[in-house]
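Worksheet: one structure, shown below.
The values are calculated or read from the model by the stated rules, or taken from the named source; none is laboratory data. What you see is a predicted model; the values in this text were computed from it and never measured. So basically every Cβ, Gly included, is an ideal-geometry build from the backbone, and we count neighbours across all protein chains shown.
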Amino acid sequence: MSPLRRCLADDLMIKATGHGHQSRTIKGMTLSRTFLQDIGAKVADKKCFCFATDKATRSFLVRYDWDGQGLQIPSINNFRDIGTHVNLTATNNGKTLTDRMSKARHSTNRLRWLPLPLEFKQKIVQANILPAGLYGCEAAWVNKSCLKAFRAAVANALGPRSSRASNEVVFHNTTASKDLDPGTYILLQRVLTLRRTLSKYPDRISQAKSIIGNYNKELLQDPSTSVLSTPQGPVALLMHSLQECGATLKDDLNIVQPNEPNIDLWHMPWQHLKSAVEEIAANARTRVGTVARQHMKDLNEIDGVIHKKILHVLGPKERKIFNHISSGAAWSEEHKLDIGLSDGKCKLCGANTTDITHVTWECEHIHIHRHIKPYVILITRACQLTSNMACPKPCQVMFKAPIGGRDRPMVRTLVPTPAMLLVFPSTMQMI
Ligand SMILES: [Zn+2]
């Protein structure tokens, strides 16, 4: 039962578990020191530290005299190791990751002011800022307030420059191949790391399943206890991330979420797993947005595939306008009235405005400048069109150019359908 040794570059870790772990650790450490001194190396005593999960061992190691001449090595309970942060306490601590996120946040703030096209900035965030700022997030606790600030910095760099913009919509409006939300990145990395680890070490599958089973059992026995608020280890960290998105990891390695098909983490093809996990995070993000923002009320889900297709056919300028309006970044006259900066009337046509739909669809002054004019559609009162039923017979429908337009009205005989009400919500009138 010799202690376990791990050597990485100029680092040496000696680890022992079970009965007699104290004596075996000390023996291993002393022999290693002697060996290194014998081959002419110098051990950096001030860089050495020891750690223990057992409280008694920890206090014993603090007092232990290592060389018989009063050399003491400090005993610590959290430290940076192989890129991430090892935490041996029951509290959440991921200092290494917090420092990385802070550094990445500062880089993102600088990126915001660089005179680069938006597509370039998205590529920099995807290839540089997210991997650097969240390196090691699979195995370390992510500080909530630091993540919030980092997320806001990324949204500010990629989205409209307005304090009103919704971060949730800004992340939906990116055209990069991957979701650029740091929250999505963390969830994805945690899922993929578990899958990779289990593929490489199949003997760990039963261990992972048993950890998931134990956490789920505790949650089932007493749902009020937030056992996942202090997750221990990568599997529990993944369960915590999924819980935040309204999903659960079952001990058969299925990700279960209400009203959605299960995602089999172990058997799903690798290329589909990524998009399926990104969708979990994107749906959770939309739900947050609908609660937080009035203009997104009743929007339960955004179809990511269609949304991306629409964004790709827009030009850079149009995409900016789309992003500005859909994220709620625009200030309507009504919003300005609330803070005393407007009289509530449209500056261009003088009409009373309620929200941003006036400028987007209804302003007659803006219609004059449009190449494709939104026609005013006039249908006769005899038409029996309702919001959920088409008119039973063909009717005469007059398409009239808005005020300022020079086109002549055109009359067509067709069957008015409810779809027309959706496409032309504010320009359809009965005559
Ligand atoms: Zn107007």
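Of note:
- Selection of region 276-303 for residues being surrounded by 15 or more Cβ atoms within 10 Å (Cβ to Cβ), closer than 21 Å to Ile186 by Cβ and not β-branched (Val, Ile, Thr) yields Ala276, Glu278, Glu279, Ala281, Ala282, Asn283, Ala284, Arg285, Arg287, Gly289.
- Candidate set from region 320-372 (those that are part of a helix (DSSP H, G or I), of a type in the set (Asp, Glu) and in contact (Cβ under 8 Å) with a residue 24 or more places away in the chain); member that is farthest from the ligand (Cβ to nearest atom): Glu333
- Boolean, Lys308 is assigned by TED's automatic domain parsing to the domain that holds Asp179, touching a residue at least 40 places away in the same chain (Cβ under 8 Å) and out of contact with any Leu (no Cβ under 9 Å at 6 or more places or on another chain): yes
- Residue among Arg63, Arg112 that alone is basic (Lys, Arg) and surrounded by 14 or more Cβ atoms within 10 Å (Cβ to Cβ): Arg112
- Cross-chain or 6+ apart pairs with Cβ under 7 Å, region 56-76 first and without any contact (Cβ under 8 Å) to a residue 40 or more places away in the chain, then loosely packed, with under 15 Cβ neighbours inside 10 Å and outside any loop (DSSP other than H, G, I, E, B): Leu71/Asp45; Ser75/Val62
- Qualifying residue in region 255-269 (condition: on the phi > 0 side of the Ramachandran plot, surrounded by fewer than 16 Cβ atoms within 10 Å (Cβ to Cβ) and modelled with pLDDT under 90): yes
- Scanning region 377-431 for residues that are assigned to a loop (DSSP other than H, G, I, E, B), in contact with a helix residue (DSSP H, G or I) (Cβ under 7 Å, 6 or more places away or on another chain) and at pLDDT below 70 gives Pro402, Ile403, Gly404, Gly405, Ser426.
- Any hit, region 63-76, residues being of a type in the set (D, E, K, R), assigned to a helix (DSSP H, G or I) and at pLDDT 85 or above: yes
- Residues in region 7-37 that are among the aliphatic types (A, V, I, L, M), in a helix (DSSP H, G or I) and crowded, with 17+ Cβ neighbours inside 10 Å: Ile26, Met29.
- Scanning region 38-53 for residues that are within 15 Å of Pro3 (Cβ to Cβ) and either exposed (fewer than 11 other Cβ atoms within 10 Å of the Cβ) or aromatic (Phe, Trp, Tyr) (or both) returns a single hit, Phe51.
- The set of residues in region 242-293 that are in contact (Cβ under 8 Å) with a residue 24 or more places away in the chain, polar (S, T, N, Q) and closer than 26 Å to Ile325 by Cα comprises Asn283, Thr286.
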